[in-house]
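A quick write-up on the structure given underneath.
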Amino acid sequence: MRQRLYILTLLLALTISASAQPADGITAMDQAIARFIESKEFMTLDTHWSHNQQQWTFKYVTPGSGPVAPAALTTLLDAFSRQVSRAAASYFHDVQDGKSPFFKLSYERKDSYAGGIVGNYYMEDHHNFRILNFRDSTGLTSYGIQWCTEDFTDTAGQPFCTIEGMVFKLYGGIWQMEPFRSDNPWEPKDKDTRRPISKSERAMFETLLSQMQYLGNLYQQNQQSGNEQNCDAIVYTMKNLMEGYEGKLTSRQYEEVKKTIPVFPQSEAKSERARMIIKAKDKLAKSVQPSYFVTAVYQTGNAGPFIKNDDLRLLQLNYRIDTRMQPSVVEVQLNGPIAKNATVTVTPVNPKHYEYSVNIVKNNHFSLTADFLKDQLLEVSDNRGHSMLLFADSTATTVDLDEMTLKGSPLNERFAACQRRLHALRVELKKYVCQFGFNHDFEIMDADGFNRVSQQAYDLQMQFIRENQDNIIPAWYLVDNYSTMTFEDLSRYLVKGRPYSDHIALQPVWLWYEGMQLRQPGQRFHDAECVDMEGNKRRLSDYIGRGDYVVLNFWSTWRNLTRSSCKTMKQLAKQYAGHNVRFIGFSLNGANSDWEQYVKARDLKYIHLSYPEDASHTQWDCDAAKAYGIQALPETIVFDPKGRIVYSGLGPEAVSEKLKSLPIKEVSGKR
């Protein structure tokens, strides 16, 4: 099918006026979307309705294989086609047309507290999409739909087909369309991507090593015979070899090259030969790809396939390697089959490190040989959504991403078996979630079905931990679940002295657990210095323990994930106005930032605090965050009138439910 990509511009010669024509198209599209959302054929969910942006996700699940086009979807797509003549621009693409013409479509809203909010819509190759832009005197109004189909088999062996997608509308004349962005194949997708350690890199190293070994032996021969002129020439050649090397080296490879370099006696330490060699060796050292971070601090979302929307958090991760303990590094050899035109990467995770692009060899196989920290978690993934985890060891390992099989050390083969069992439940989720999510990697469409599978997955992972008390496999299942685990479960499985307890991946988990101990129900509140919206110095004791229930919400404006609780706090503050409960938002942005603008722009009418501008600590390390062990945002704590903790670790929905269980009462004259 010929690629259907139309970019149509309105002409002055049209019989209908330019101002009336877009308005008719906008009215027609509003009506078409309303009929689609009301249809009973689809599960639909309103996932975004703010900032002059509406967004709905939808899902259609049928037994059997092969898509059955629902009438509601066909009618909506017809509406997009009929309104092309009224649009200022239109962009249509079907999977049958081949590769998607755009990597990403972006819209920017100009009037916001931060000076600009950007909405991104990613155009994957397996997505169909329709985009219509209408432009009139008020500005731009855009409509879009993205959808895809998929066949799968559930855990009972029953085949299913799904059609799922997203419909959006941007309106009010406050959005503008940004230029399309396309991929540059010569630029890495991530700033941390490094040149691959592959067969070609290894060939460069082996060439360098053999030449240096030859020259090193030649230098010794000429030194013994007293031929100083030849020694000078040999050192000069060594210098050029090292300074001209353009590849990457592992620390192990660099040490091998260093062994070939002549060792000069003390009397020659400042000679021209020594000076050239030292300078060249220092330049070669810059080619060394470090095997691990000494320290790593970064933030990441805990979004995973089984995590509920209310449990989503931005996690603060801290890792530190004590180099005095002489960390063990191993040479890892990976290989495996790969689909035609696919790409494979190997990424150290927890802590994450540089991404390695692997070498593709004959017969559609990949290979990688590189140094990693011993027992480091490695993720092998391709660009088609397949991935597997393994622990770095010296056993040559074959990974088949399509089949989710692994042949290597007994530990990694056992780990792979756990992953296959869990993956079966990920497939089961396809009945209940839509991959077109707003705050998540997906959107939950059937809460009952999702919660059932999510609980099965949690129970299975806790079983993996219990079954592997004699090895390090539990490290992964703890780090992947700790932000949603109960304090009791963490206490049961996070125990000093077990084989996995000192694994580097668990360092943030221990910090989280220590923080949970500071927030347990029954404990009295911890005081801390803070500032209010006007910059006045305050203390938490000015508000907590003074006869009212207090809902303390830690948040920030950094990402939508970290400010997601503000909407619930705003609703609850309005609902409980005149009652003996106070709502406090504590921003980790700091006093010298734009959080005050966000509060005003969103009309958040409850108490707002942050840490002092002149404090010696900032953000995650400020006094209030340390007092309650805050390692993730948002985090909400509820205090009773005497200042004792009633609840903690609550998501936005849970806060509302927990307040209903408290004896909150109206207070005469209180607002």
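The values are calculated or read from the model by the stated rules, or taken from the named source; none is laboratory data. Please read these numbers as outputs of a predicted model, since none were measured by experiment. Note that each Cβ is placed from the backbone with ideal geometry, even for glycine, and that neighbours are counted across all protein chains shown. Heads up: the accessible areas ignore ligands, DNA and RNA and are worked out on the full protein's heavy atoms, side chains in. Shrake-Rupley method; radii C 1.70, N 1.55, O 1.52, S 1.80 Å.
Based on Cβ point charges of +1 for Lys and Arg and -1 for Asp and Glu, what charge dipole magnitude is obtained for segment 537-671 about its Cα centre, in debye rounded to the nearest 20?
Values: 21 positive and 14 negative charges, 105 e Å.
Dipole size: approximately 500 debye.
Please give the FRET efficiency for Q211 paired with E178, using the beta carbon to beta carbon distance and R0 = 35 Å, rounded to the nearest 0.05.
0.10
Can you list the residues, at least 5 places off or on another chain, whose amide H is less than 5 Å from the amide H of G629, using H built in the peptide plane?
Counting only residues 5 or more places away or on other chains, the set is empty.
Which of the trypsin sites (Lys or Arg not before Pro) across segment 440-494 are loop residues per DSSP, with 16 or fewer other Cβ within 10 Å?
Passing sites in segment 440-494 do not exist.
Checking the cross-link filter: which aspartates and glutamates have an alpha carbon closer than 14 Å to that of K570, excluding same-chain neighbours under 8 positions apart?
D603, E653
Suppose a student asked you for the relative contact order of the chain, using Cα pairs under 8 Å spaced at least 6 residues apart; what percent would you report? Write out the running numbers ahead of the final one.
Values: 1220 pairs, mean separation 66.9, N = 671.
Relative contact order, the chain: 10 percent.
Identify all aspartates and glutamates with a Cα-Cα distance to K658 below 14 Å; exclude those on the same chain that are fewer than 8 residues away in sequence.
Cα-Cα hits under 14 Å: D310, D640.
Give me, ordered by chain and number, the residues 5 or more places off A88 or on other chains with an amide H under 5 Å from its own placed amide H.
N133, F134, R135
Report the gain in length on full extension from Q333 to E108: 0.36 nm times residue separation, minus Cα-Cα distance, nm rounded to one decimal.
Details: separation 225, 0.36 × 225 = 81.00 nm, distance 4.53 nm.
Working it through step by step, the gained length comes to 76.5 nm.
Could you give the accessible area per residue of the chain, probe 1.4 Å, as a whole number in Å²?
In whole numbers, the chain has 48 Å² accessible per residue.
Once you put a point 7 Å from the Cα of R420 and another 7 Å from the Cα of Q619, both along the Cβ direction, what distance in nm separates them?
Between R420 and Q619, the label points sit 4.2 nm apart.
What aspartates and glutamates does K270 reach when the alpha-carbon gap must be under 17 Å and sequence neighbours fewer than 8 apart in one chain are set aside?
Answer for K270, where 17 Å is the Cα cut-off: E228, D232, D282, listed by chain and number.
Just the number, please: carbon plus sulfur as a percent of the accessible area of the chain, 1.4 Å probe, no ligands or DNA/RNA counted.
48
Looking at (i) 96, 32, 25; (ii) 49, 37, 27; (iii) 41, 37, 22, which value of semi-axes √(5λ) of the Cα gyration tensor in Å comes from a calculation on the structure shown?
Computed from the coordinates, semi-axes √(5λ) of the Cα gyration tensor in Å corresponds to (ii).
Among K99/K169; K59/K352; K308/K352; K340/K374; K407/K496, which pairs are too far apart, with a Cα-Cα distance over 27 Å?
Where the Cα-Cα span goes over 27 Å, the pairs concerned are K59/K352; K340/K374; K407/K496.
Return the sequence-ordered ³J(HN,Hα) values of segment 424-430 in whole Hz as given by the Karplus equation 6.51 cos²θ - 1.76 cosθ + 1.60 applied to θ = phi - 60°, using x for Gly and Pro.
The phi angles translate into 4, 6, 4, 5, 4, 5, 4 Hz.
Calculated from DSSP H runs of 4 or more alone, at -39500 (n - 2.57) each and per residue, what is the 222 nm mean residue ellipticity of the chain, nearest 500?
Working: 16 runs with 197 residues, N = 671.
The helix contribution divided over the chain gives -9000 deg cm²/dmol.
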